[in-house]
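Let me begin by presenting the structure, written as structure tokens, before commenting on it.
The values are calculated or read from the model by the stated rules, or taken from the named source; none is laboratory data. Please read these numbers as outputs of a predicted model, since none were measured by experiment. Neighbour counts run over all protein chains shown; Cβ positions are idealised from the backbone, glycine included.
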Amino acid sequence: MRCFKHPEREAVGMCKVCNKGLCNECAVEIDGFLFCNTHAKMEKAVKHAEKEALGELEEIGFERAQVSAPVPREVKPSARPQKPLLPKKLLKVRAESLLAPALVGGIISGVPSGIPFLNFICLLWMVLGGAASTYLLLLKESAKTGERSKLRPFDSMLVGALSGIFGASIAFVFSMFSGINFWESMSELLLSTGLDENIADILLRAIVVTPELDLLHLLAKWLLFTLIFPIFGVIGGFITAKLTE
């Protein structure tokens with residue numbers, strides 16, 4: 001191969017850009033590569049521009065124009081969508097299923113209503129007895145189905161009424177014991193609140209049995225309890241049914 005400018009001379013290499021033959025006089029070496037005079041000037045100009053650009057980048061805080069890659073943001077996993085709650089299933093309660101919850105509710109309403117001094121708030125115990133029996137019935141029947149359930153208002157009031165019947169019988173027995181042993185103490189407590197003696201006597205006769213155990217009074221007391229307890233038991237059952245819907 002001959003030099004493109006001096007044909008009489010042997011070429012020592014070729015220009016990296018244009019591939020023309022170059023003799024020793026025409027060849028310009030830059031970074032281990034040969035260039036002709038024209039392309040050598042262009043290469044030098046490029047190198048100079050690169051150096052100036054690097055210098056400017058270093059002045060503003062970059063090192064060798066190496067820009068760090070952006071730090072990836074931590075992506076939090078999205079919360080799993082919650083399944084919508086299914087509507088509560090209306091329970092069909094059999095009659096025999098009412099007895100056990102009603103008995104427990106009767107104990108809750110009857111025992112405190114026959115105990116001295118606690119029987120002053122006997123209406124509250126009646127409502128609580130009906131509410132407790134309804135809630136126990138709901139738990140019992142829901143456990144059988146394994147589903148979210150609710151009671152029919154009729155079943156809630158029925159079990160509340162039954163708890164009142166049980167509670168009336170229990171309270172009647174306890175009230176006889178209270179009347180015989182604590183009549184005077186309860187009478188003194190009522191009078192100490194400033195009540196008239198006649199009003200205190202009527203109130204006391206309404207919640208406990210008189211110490212004389214008069215047959216007519218016993219019958220009236222039993223009928224009163226049998227009427228009042230189921231009514232307030234129904235109220236407690238209805239309230240609980242509404243709260244648990």
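Filter the stretch 112-153 for residues that are among the polar types (S, T, N, Q) and crowded, with 20+ Cβ neighbours inside 10 Å and give the result.
Residues satisfying the conditions are Ser113, Asn119, Ser133, Thr134.
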Practice problem: Give just the number: which of (1) in contact (Cβ under 8 Å) with a residue 40 or more places away in the chain; (2) over 23 Å from Pro87 (Cα atoms) does Leu124 not satisfy? | Solution: (1)
Quiz item: How about the stretch 229-245: which of its residues are touching a Ser or Thr at 6+ places or on another chain (Cβ under 9 Å) and outside any helix (DSSP H, G or I)?
Solution: Thr244
Quiz item: So Thr240 clears everything in (1) more than 28 Å from Lys92 (Cα to Cα); (2) at pLDDT 80 or above; (3) polar (S, T, N, Q); (4) buried (at least 17 other Cβ atoms within 10 Å of the Cβ) except one condition, right? Which one?
Solution: (1)
Quiz item: Which residue out of Ile228, Ile239, Ile199 is without any contact (Cβ under 8 Å) to a residue 12 or more places away in the chain, of a type in the set (A, V, I, L, M, F, W, C) and in contact with a helix residue (DSSP H, G or I) (Cβ under 9 Å, 6 or more places away or on another chain)?
Solution: Ile199
